[in-house]
Amino acid sequence: MKSITTKVRNGFGTGEWADTNRNCRIGCSNDCAYCYARANALKDGIIANRAAWPIEKADDVAIAKRHFKLNGLVMFPTRHDTTPANIQYNLPYLTGLLAAGNEVLFVSKANLSCIQEICRQLVNFKSQLLIRVTIGSMHPLLCKFWERNAPSPQERLQALQHAHEQGFETSVSMEPMLHGVEDAVETFRAVEPFVTEKVWIGAMNSIDTRVDKSNPNFNKAVADLKKLQSHSELLRLHGILKDEPKVSWKESITKLLG
C-alpha cells in the first residue's frame with residue numbers, strides 16, 4: 001500500500017503537520033477548554049462569546065466550493081471535529097477531498113461509530129488517508145475536565161485500534177498533554193501498538209489566553225498544569241521518550257531543546 005507523504009515541516013501548529021487545511025463547519029461541540037480555534041474565532045469576531053462556540057453551524061461558503069487537487073498534504077478538519085451529529089455533512093466533504101486526488105490527514109477526538117463509518121465508506125481511498133486520533137491522556141476524568149463533550153479516551157483508543165485493524169495508516173496527537181510526564185508516558189505506551197506513523201507529543205499552548213480562568217476550577221488547573229509542564233519537566237519527558245522511533249515532538253517541546 002502506498003504511504004501518505006509525510007515530511008518535516010518548518011511551520012507551527014497545524015503547519016507542522018500539513019501543507020494546507022480545510023473545514024466545513026464553524027464551531028465545535030467538543031467544547032474543549034483550551035481550544036485554539038475558539039480563541040481565533042473570538043479574536044476575529046466570528047463568534048460573540050465563548051458560549052457560542054459549541055453551537056455548530058455549517059460553513060456554507062466552504063461547502064459550496066468545488067473540490068480540486070491541492071499541493072501537499074491536506075489536514076481536515078482543523079477547527080471542528082467529526083461527531084455522530086455532523087458526520088452526515090463531514091463525510092461527504094472528506095470524500096470530495098479524496099476523490100479530487102488529495103492526500104488527507106484526518107484528525108479527530110474520535111468517536112468509534114464515526115471511525116467505523118469512515119473506514120467502511122472510504123476503503124477505496126485507504127492509500128490517501130492518514131487517520132490521526134487526539135488522545136492527551138488515558139484518564140477519563142482528566143479528559144472530561146478539559147474536553148467536556150469529547151468521547152472518552154477509551155473510546156478514542158478503540159477507534160484508533162479499529163482503523164489500524166482495517167488497514168488504514170494511523171497516528172496519534174498527544175497535543176495537548178493533559179497532565180505531566182508520567183501520564184504522558186502511560187498514554188504513549190497505550191496508543192503506540194496501534195500507530196503506523198507517528199505519535200506527536202506537545203504541551204498545552206497559550207494556556208493563559210485560551211482557557212477561561214475566570215472559572216475558579218480552571219484557574220487552579222492552569223496553575224497546576226504549568227508546573228507539570230514546566231521547562232524542566234518537558235525536558236525530562238523528552239529524555240524518557242527521545243529514542244522511541246514513533247515519537248515526534250511538537251514545537252512546544254522542540255523549541256526547548258536549543
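Read-outs: derived from the displayed coordinates by stated rules, not from any lab. In this text, all values refer to a predicted model and were calculated from it rather than measured experimentally. Backbone-built Cβ (ideal geometry, glycine too); neighbour counts: all protein chains shown.
Taken along the Cα-to-beta-carbon direction at a fixed 7 Å, the label points for residue 68 and residue 91 span 2.9 nm. Would you mind getting me the FRET efficiency between residue 58 and residue 126? Use the beta-carbon distance for r and R0 = 30 Å, nearest 0.05. Efficiency computed from Cβ-Cβ geometry: 0.60. Overall, the chain carries a charge dipole of about 480 debye about its Cα centre when +1 sits on the Cβ of Lys and Arg and -1 on the Cβ of Asp and Glu, all other atoms neutral.
Backbone amide hydrogens, once placed in the peptide plane, bring residue 169 within less than 5 Å of 131, excluding anything fewer than 5 places away on its chain.
Whole-Hz Karplus values for the stretch 64-74 come out as 6, 6, 6, 6, 8, 6, 9, 7, x, 7, 9 Hz, taken residue by residue from phi with 6.51 cos²θ - 1.76 cosθ + 1.60 and θ = phi - 60°; glycine and proline positions read x. Amide H contacts under 5 Å for residue 247: 199, restricted to partners 5 or more places along the chain or on a different chain, H placed in the peptide plane at 1.01 Å from N.
DSSP bridge analysis restricted to the chain gives an antiparallel fraction near 10%, rounded to the nearest 5.
Principal axis extents of the Cα atoms in the chain, from largest to smallest and rounded to whole angstrom, are 46, 45, 33.
Only Cα pairs under 8 Å and 6+ residues apart enter the sum, and on that basis the relative contact order of the stretch 13-254 stands at 18 percent. Mean separation of Cα pairs under 8 Å and 6 or more residues apart, divided by the residue count, gives the stretch 112-179 a relative contact order of 48 percent. Taking amide H positions as modeled 1.01 Å from N, with prolines and chain starts lacking one, the residues under 5 Å from residue 204 and 5 or more places away or on another chain are 177.
Over every Cα atom in the stretch 82-220, the radius of gyration and the widest Cα-Cα span, Dmax, amount to 15.7, 49 Å. Cα convex hull, the stretch 108-180: 73 Å³ per residue, rounded to a whole number. Phi angles across the stretch 43-48 convert, under the Karplus curve 6.51 cos²θ - 1.76 cosθ + 1.60 with θ = phi - 60°, into 3J(HN,Hα) values of 4, 8, x, 6, 10, 7 Hz, Gly and Pro given as x.
Scan the chain and report its longest stretch carrying no trypsin sites (Lys or Arg not before Pro) that are both in a DSSP loop and have at most 15 other Cβ atoms within 10 Å. Between exposed loop sites, the widest span is 149-241.
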